[in-house]
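Following: one structure in structure tokens, then a few remarks.
The values are calculated or read from the model by the stated rules, or taken from the named source; none is laboratory data. In this text, all values refer to a predicted model and were calculated from it rather than measured experimentally. Here the Cβ is made from the backbone with ideal geometry for all residues, glycine too, and neighbour counts use every protein chain on show. In case anyone asks, the SASA skips ligands and DNA or RNA and just uses the protein heavy atoms, side chains included. Shrake-Rupley method; radii C 1.70, N 1.55, O 1.52, S 1.80 Å.
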Amino acid sequence: MGGAAALEKLVPVLLAFGGGVVLARRKVVPAEASKAFSDYAFLFAVPCYLFGNIYASDLGALFDWRAIGGYAAAAAIAAAVVAAVAVARGRREPRAVALRVMAGVQVNTAYFAVPVFITVFGTAAPIFPILLFQVCVLSLVVIALMELGRAGPADGRPGIRLSRAVGASLVTPLVLACNAGILFNLLSVRIPAVVLDGAAFVGNSASPVALFALGLHLGGAGLHLRGTTREETALIGFKCLVFPLLAWAVCALLFGVRGDWLAYLVLIAAMPTPQNLFIFAQRYDVGVDLSASVVLKTSLVSLLLLPLWLQAFAS
């Protein structure tokens, strides 16, 4: 895909995202409204989209285990590198290490990857298995470290806190929608057409609403580039440049992934750090300022780099 074609593909993304930024900056729409738009996308529109599309998908093609295994291996290597660097820089507290691993390895699927893939490829299907891997494996590791490193017995034993946190992560609408779609697909359960049409109608709004919400949030929060610390710069560079290149190297050279799946995996890895990082930071009282900065700045950098990744890897 040439540079001009890549930019053309991203025009709807830039329009929805940029519209949110401009309206928030001009105070036409309050930045605080981004939460309502985000909740609609995260809790309703994206799950509707995921359910309908997974239900109608060819699961054999969707769950390419070599591709998923390659991405998982790249994520494991990236997590180990980030953790090792954090420890070497004196970050011994488990919560601090886990937060940095999440910042450098996890990707924003619901608010960024799904709308971008729908716009560029016409489908977000390749994201589904990676989303499940991220929630059921990567998030599980982060939650475990956060809970085990949490100070004080006020919330009970670490094992109880961990089980509650893991249980909560596995019953989010995104995960439930994916699992329901897979289950009904495997069991060949007939879903009435009116239900699927309704899910598709709502799901089609997920892409613009999620990007508009992200733009509102960024426009309201603003960016303070001069105050970026060396650690923030390192995490942003790792997430937006190193991790996608690592995903390409591991998937292509070690796992032999080729064609569309290689492009999908590199682009997924190039997505920004998820907003959940900030939620985790607040919940566990660690690195709140760092997480807010990384979420905002990786969103902007990823958007700027998307045309280059598309030109390099998308056919």
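Rounded if a/c is under 1.5, else prolate if a/b is larger than b/c, else oblate: which is the stretch 196-293, with a ≥ b ≥ c the root eigenvalues of its Cα gyration tensor? Taking the square roots of the gyration eigenvalues as a ≥ b ≥ c, the stretch 196-293 is oblate.
For the chain, the relative contact order is 37 percent, taking Cα pairs closer than 8 Å that sit 6 or more residues apart in sequence and dividing their mean separation by the residue count.
Residues 240, 48 ordered from highest to lowest accessible area at a 1.4 Å probe: 48, 240. Placing +1 on each Lys and Arg Cβ and -1 on each Asp and Glu Cβ, with no other charges, gives the chain a dipole about its Cα centre of roughly 680 debye.
Residues 35, 27, 239, sorted by accessible area with the largest first, give 27, 35, 239 [1.4 Å probe; ligands and nucleic acids excluded]. Shown is the FRET efficiency for residue 187 and residue 254, computed with R0 = 35 Å from the Cβ-Cβ distance and rounded to the nearest 0.05: 0.50. Pairwise Cα distances in the stretch 38-103 exceed 14 Å for 72 percent of all pairs. Taking every protein chain into account, the 1.4 Å probe leaves residue 15 with about 130 Å² of accessible area, to the nearest ten. Structural size metrics of the stretch 1-119, computed from C-alpha coordinates, are Rg and Dmax of 18.8, 49 Å.
Each peptide in 53-63, 110-120 was scored by the mean count of other Cβ atoms within 10 Å over its residues; highest first, the order is 110-120, 53-63.
Peptides 177-188, 74-85, 95-106, 296-307, ordered by how many other C-beta atoms sit within 10 Å of their residues on average, highest first, read 95-106, 296-307, 74-85, 177-188. Using a simple spin-label model with pseudo-atoms 7 Å out from Cα toward Cβ, residue 58 and residue 170 lie 3.2 nm apart.
Largest to smallest in accessible area, the residues 251, 136 fall in the order 136, 251 (1.4 Å probe, all protein chains included).
In the stretch 1-90, taking the dipole from charged Cβ atoms about the Cα centre, the farthest positive-side position among 14, 46, 67 is held by 14.
For residue 239, the aspartates and glutamates whose Cα falls under 19 Å of its own Cα, not counting residues fewer than eight places away in the same chain, are 231, 289. Over the chain, the hull volume per residue, using the convex hull of the C-alpha atoms, is 139 Å³.
Here the spin labels are modelled as points 7 Å beyond Cα on the Cα-Cβ line, and at residue 15 and residue 36 they lie 2.4 nm apart.
Less than 5 angstrom separates the built amide H of residue 228 from none of the residues sequence-distant by 5 or more or on a different chain.
Available extension along the chain between residue 229 and residue 201 is 5.7 nm, counting 0.36 nm per residue and deducting the alpha carbon span. What helices in the chain pass both tests, a Cα length along the helix axis of 30 Å or more and a mean Kyte hydropathy of -0.5 or higher, using whole DSSP H runs? Helices passing the filter in the chain: 65-88, 288-313. When the surface is traced with a 1.4 Å probe over the full set of protein chains, residue 258 keeps roughly 150 Å² accessible.
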